[in-house]
Amino acid sequence: YICRYIVGGRCVREMVSLPQTTGASQNNAIRDMMDDGRGNIWIATDHQGVFTYNKKTGDITAMRYLRDNLLSLSSDNATCLTSDRDGTIWVGHLKTGISYTSDANNIMQPHALQCGDILAMTYDSKGRLWMGTDGNGIYIENTDGSIVKTALPNITVMALISDGQGGVWAGTYN
């Protein structure tokens, strides 16, 4: 379920149930959520891919991994979400790097496979994508598309946030 609470005079609660799927894993744990600024809530799940919830219509659209299809999520295990200045939505995955879409049309592209298990992402004030990993520290994708590993040791990075003043903060495991 996803829930919305509005506080300010009175409390309103809106509950939305994600569609149930069949298969080897019925785990629908939500790992991350993000508002895309275009009326949609993006929902990254543990093993069921990514859902978009249209706030106006209530429609839910699922995006899943399609074997041997380069225009799908690179994995149904989605760990984190972020968007860049152009509205591109980036989805982090365990084992398969990142998927992204630039126009929110459900066509995804695989990316950054060499970075490993992506747990957190953020963009800094210079437009660079920072990727926190499960045991490999932090990678940065520069605006020219090159990807470099930072000098941070091979630790697990659970959270990243840009402070808007050129700094990026990392929350680690232990």
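The values are calculated or read from the model by the stated rules, or taken from the named source; none is laboratory data. Because the structure is predicted, anything quoted here is derived from the model rather than measured. Note: ideal-geometry Cβ built from the backbone for every residue, glycine included; neighbour counts use all protein chains shown. The area values use the complete protein model at the heavy-atom level, side chains included, leaving out ligands, DNA and RNA. Shrake-Rupley method; radii C 1.70, N 1.55, O 1.52, S 1.80 Å.
When the residues of the stretch 116-172 are narrowed to those that are basic (Lys, Arg) and under 18 Å from residue 83 (Cβ atoms), which ends up most open to solvent (accessible area, probe 1.4 Å)?
126
For the stretch 60-99, taking the residues that are open to solvent by 40 Å² or more (accessible area, probe 1.4 Å) and of a type in the set (Gly, Ala, Ser), the one that is modelled with the lowest pLDDT is identified as 62. So is residue 132 modelled with pLDDT of 90 or more and touching a Lys or Arg at 6+ places or on another chain (Cβ under 9 Å) or not? So residue 132 fails the test.
Could you tell me which numbered condition residue 110 fails, if it satisfies all but one of (1) of a type outside the set (Phe, Trp, Tyr); (2) modelled with pLDDT under 90; (3) open to solvent by less than 20 Å² (accessible area, probe 1.4 Å)? Answer for residue 110: the failing condition is (3). Considering only the stretch 140-151, I want to know if a residue exists there that is farther than 25 Å from residue 65 by Cα, at pLDDT 85 or above, outside any strand (DSSP E or B) and of a type in the set (Lys, Arg). Checked against the condition, which is being farther than 25 Å from residue 65 by Cα, at pLDDT 85 or above, outside any strand (DSSP E or B) and of a type in the set (Lys, Arg), the stretch 140-151 yields no hits at all.
Every residue, every condition in (1) closer than 16 Å to residue 92 by Cα; (2) in contact with a Phe, Trp or Tyr (Cβ under 6 Å, 6 or more places away or on another chain); (3) in a loop (DSSP other than H, G, I, E, B); (4) modelled with pLDDT of 65 or more, yes or no:
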residue	(1), (2), (3), (4)
4	no, no, no, no
9	no, no, yes, no
15	no, yes, no, no
34	yes, yes, no, yes
44	yes, no, no, yes
53	no, no, no, yes
58	no, no, yes, yes
